[in-house]
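Read-outs throughout are calculated quantities, based only on the coordinates presented, and are distinct from any laboratory measurement. Keep in mind the model is a prediction, meaning the values are calculated, not measured. Backbone-built Cβ (ideal geometry, glycine too); neighbour counts: all protein chains shown.
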Amino acid sequence: MAYGSERVTCLVSLLFFAKSRELVGQKEVQLQVPSACTGKQLLNHIVLFYPELSLISNNLVLSLNDKYLDIDENQVTLQENDELAVIPPISGG
Amino acid sequence: MNEEQLRNELQNKEKEIQRLKKLLGEDEHFKLLTVPEKDLEKQKEKSETLSKEDISRYSRQLILDDFGVKGQIAVKNTNVLIVGAGGLGCPAAIYLAAAGIGRLGVIDYDEVELSNLHRQILHTVDRVGLSKSLSVVQSCCRLNPSTEYVPYHLQLDSSNALRIIESYDIILDATDNVATRYLLNDACVLAGKPLVSGSALRFEGQLTVYHHDGGPCYRCLYPQPPPSEAVTNCSEGGVLGVVPGIIGSLQALEAIKIATGIGTSFSQKLLLFDALDGTFRTVKLRPRCKSCLVCGENPTISQLIDYEQFCGAKATDKDHKLHLLERSQRISAKEYSEMVNSKKPHVLVDVRPAIELDICQLPHPVINIPFTSLSRNITEVKDQLLLKLKELSSDDFHDYTVPVVCVCRRGNDSQLAVQQLMKVLADDKVKVIDIKGGLHSWSKHIDSHFPIY
């Protein structure tokens, strides 16, 4: 995987909510992610490590430090200890 | 029959008539609507004052600095529609009624069941079988008769949604399925109404306000619906009753805030509630998406579409019966019962989650292989089953192949399990079958004391 020539990575917390929590079977993990990439690359990177998420990869919101992260964003910058979250909608009630 | 027997009979019939009347929704106070009501389109006259009774009833909120008489009059002049009279709709309805909302519409196509009562707290035991929307307004009316209540016993769909929504100022999404969520979103965008959306499953809840104050709509965040197999509903995944209780209460609060303009709403914010950790996390959302198909700058959705088709799923949270197997791959509960009684050797595989085996089990030794982990562990499962089959094969039954019998709660997962097991056991000439209709069928046809859930 090449995310540019530098391939700098950082360790972030990755939180799972709703269906993603059910699929992965965990609430929170630590994951090494590229420090600079596009939104799509970041999502692909997460799905690569948690392939069970591919089922819902088109139907979720990503957030970075509690702020919406646009998957169409071209430049995402991540830092050590950042908090990423995978948030699919809940439809029950 | 003697006279006393006749009298009893008469009494029973009268009770039955009362029960049927209730089911039909013949209520002396409320007219249960099964189609959108024309008269509602007229806006009610706005009130500008509070009555003496209003002042006493709402005194504790009238003295709030930000709320006051102005806030109470705003609440009184606001019409709220709650879609879904279930776990979210009940708490939302009762708090809006208590707060003195002007008109409260409640939509639900369903009737009250015993398994609803742990979370749908406005229904009662004696209303099992009654229309949920009627049950909710009956309960609300006991708390506050001054609100105008409109119960709708119907399925909200593309043909009626806009007509109904038009008579209301704020809409609450308290539904339980994806198709209705997209329908309500699009309807609210087309009608220009804010949508207070709540949802809950297991120990988690979500809350946000769509299409309000420059915030996004549901489609801005989730342009594509999830594949139907990725959707878990409450009857399958379970839900702790108080979780929708909390989210539904917050929906009422949001509606009151929007009606009165106090505070800041959950527009462009998503609340994530985790009941087990006891945490509320707020995620800042994106603004309205310019390329959104319904609320964007060049919308392509200008009228409601077929949402069941769009989502590839029915607009209910009821489970649908799958028909995946041939007749020869299935046995009825009765046939299985005969198998047990005649002591025919077989391997019984219960594919429900382990936690559900504590609720009830068939009267035969069982191997629990939860369907959800089956594909992950398929090799180990194959070895385990072959070993067990070998143990059970004896000379007593020469022409008899010991089968693997799969069972689950309703007979859907058991069919999927048979399909998966067939793939790995076919080479070993193992017969894999399932019990049609699962434990529900067992309870219905074989053992009426067997619990269903």
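Rounded to whole Hz and in sequence order, give me ³J(HN,Hα) for region B:122-130 from the Karplus expression 6.51 cos²θ - 1.76 cosθ + 1.60, θ = phi - 60°, writing x for Gly and Pro.
Each residue's phi maps through the Karplus curve to give 8, 7, 9, 4, 6, 9, 4, x, 7 Hz.
Run a plain Debye calculation on region B:318-415 (Cα atoms as equal point scatterers, no solvent) and give log10 I(q)/I(0) at q = 0.22 Å⁻¹, rounded to two decimals, same order as the q list.
For region B:318-415 at q = 0.22 Å⁻¹, log10 I(q)/I(0) is -1.40.
Over all alpha-carbon pairs in region B:30-107, figure out the percentage whose distance exceeds 16 Å. Walk me through the numbers before you get to the answer.
Values: 1716 of 3003 pairs.
Of all Cα-Cα pairs in region B:30-107, 57 percent lie more than 16 Å apart.
Using alpha carbons only, how many degrees (0 to 90, rounded to 10) separate the axis of helix B:178-191 from the longest principal axis of chain B?
Helix B:178-191 sits roughly 20 degrees off the main axis of chain B.
Rounded to the nearest 5, what % of DSSP beta bridges with both residues in the protein assembly as shown are antiparallel?
Details: 35 of 72 bridges.
Here the share of antiparallel DSSP bridges comes out near 50 percent.
So what is Rg over Rh here for region B:81-138, counting just Cα atoms and using Kirkwood for Rh? Don't jump to the answer; show the numbers that get you there.
Values: Rg = 10.4 Å, Rh = 11.1 Å.
With Rh from the inverse mean 1/r over Cα pairs, Rg/Rh is 0.94.
Over the whole of B:224-231, what's the average partner chain Cβ count within 10 Å per residue? Rounded to a whole number, please. Please list the in-between numbers first.
Details: counts 2, 4, 9, 4, 0, 1, 9, 8.
Whole-number average of other-chain Cβ neighbours for B:224-231 is 5.
Using θ = phi - 60° and the Karplus curve 6.51 cos²θ - 1.76 cosθ + 1.60, what whole-Hz ³J(HN,Hα) does each residue of region B:328-336 get, with Gly and Pro shown as x?
5, 9, 10, 10, 7, 4, 5, 4, 5
Over 14 Å, how big is the tail of the calculated P(r) for region B:198-243, in percent of all Cα pairs?
Details: 642 of 1035 pairs.
Value for region B:198-243: 62 percent of Cα pairs lie more than 14 Å apart.
In peptide A:81-91, how many Cβ atoms from other protein chains are near each Cβ within 10 Å, on average?
Mean shielding by partner chains, rounded to a whole number: 6.
Could you tell me the extents of region B:361-453's C-alpha atoms along the three principal axes, largest first, rounded to whole Å?
Dimensions of region B:361-453 along the principal axes of its Cα atoms: 37, 35, 17 Å.
Applying a 10 Å radius around every beta-carbon, put B:208-220, A:50-62 in order of their mean neighbour count, most first.
Values: B:208-220: 22.7, A:50-62: 17.5.
Listed from highest to lowest mean packing, they are B:208-220, A:50-62.
Would you mind estimating how fast chain A diffuses translationally, via Stokes-Einstein at 37 °C and 0.692 mPa s with the Kirkwood radius over Cα pairs, in µm²/s? It would help to have the intermediate numbers written out before the result.
Values: Rh = 13.3 Å.
After rounding, the answer is 247 µm²/s.
How large is the helix-only mean residue ellipticity at 222 nm for chain A, computed as the sum of -39500 (n - 2.57) over DSSP H runs with n ≥ 4, divided by its residue count, in deg cm²/dmol to the nearest 500? Before the final figure, lay out each step's value.
On the way: 2 runs with 18 residues, N = 93.
After summing the helix terms and dividing by residue count, I get -5500 deg cm²/dmol.
Rounded to the nearest whole Å³, what is the per residue volume of the convex hull around the Cα atoms of region B:24-180?
On the way: hull volume 19.3 nm³, N = 157.
Dividing the Cα hull volume of region B:24-180 by its residue count gives 123 Å³.
Peptide A:15-22: average number of partner chain Cβ atoms within 10 Å per residue?
On the way: counts 3, 0, 7, 8, 7, 1, 4, 7.
Averaged over the peptide's residues, the number is 5.
For the pair B:Glu229 and B:Ser375, how long in nm is the line joining their label points, each one 7 Å along Cα→Cβ?
Result: 0.5 nm between the two label points.
What ratio of Cα Rg to 2.2 N^0.38 Å holds for chain B?
Ratio of Cα Rg to 2.2 N^0.38 Å: 1.18.
Out of residues 5 or more away from A:Leu69 or on other chains, whose amide H comes under 5 Å of its own, with H placed 1.01 Å from N in the peptide plane?
Those lying under 5 Å, H to H, from A:Leu69 are A:Leu62, A:Ser63, A:Leu64.
Given the -39500 (n - 2.57) contribution per DSSP H run of 4+ residues, what per-residue ellipticity at 222 nm results for chain B, rounded to the nearest 500 deg cm²/dmol? Please report the intermediate quantities before stating the final value.
Details: 18 runs with 168 residues, N = 453.
Helix-only estimate at 222 nm: -10500 deg cm²/dmol.
Hey, what's the Cα Rg ratio for the protein assembly as shown versus the globular rule of thumb, 2.2 N^0.38 Å? If you can, show how the numbers build up before the last one.
Values: Rg = 27.0 Å, N = 546, 2.2 N^0.38 = 24.1 Å.
Expressed relative to 2.2 N^0.38 Å, the Cα Rg reads 1.12.
For region B:235-344, what Kirkwood radius comes out of the mean inverse Cα-Cα distance, in Å? Working shown, then result.
Working: mean 1/r = 0.0501 Å⁻¹.
The answer is 20.0 Å.
For region B:197-250 and region B:58-76, write down the distance between their C-alpha centroids in whole Å.
So the separation of the two Cα centres works out to 30 Å.
Could you tell me what a quarter of the Cα convex hull surface of region B:220-288 works out to, in nm² with one decimal place? Could the numbers behind the result be given before it?
Working: hull surface 25.2 nm².
About 6.3 nm², averaged over all directions.
Quick one: grab the alpha carbon gyration tensor of region B:144-245, order the square roots of its eigenvalues as a ≥ b ≥ c, and give me rounded if a/c is under 1.5, else prolate or oblate depending on whether a/b is larger than b/c. Before the final figure, lay out each step's value.
Working: a/c = 1.58, a/b = 1.21, b/c = 1.30.
Cα axes put region B:144-245 in the oblate bin.
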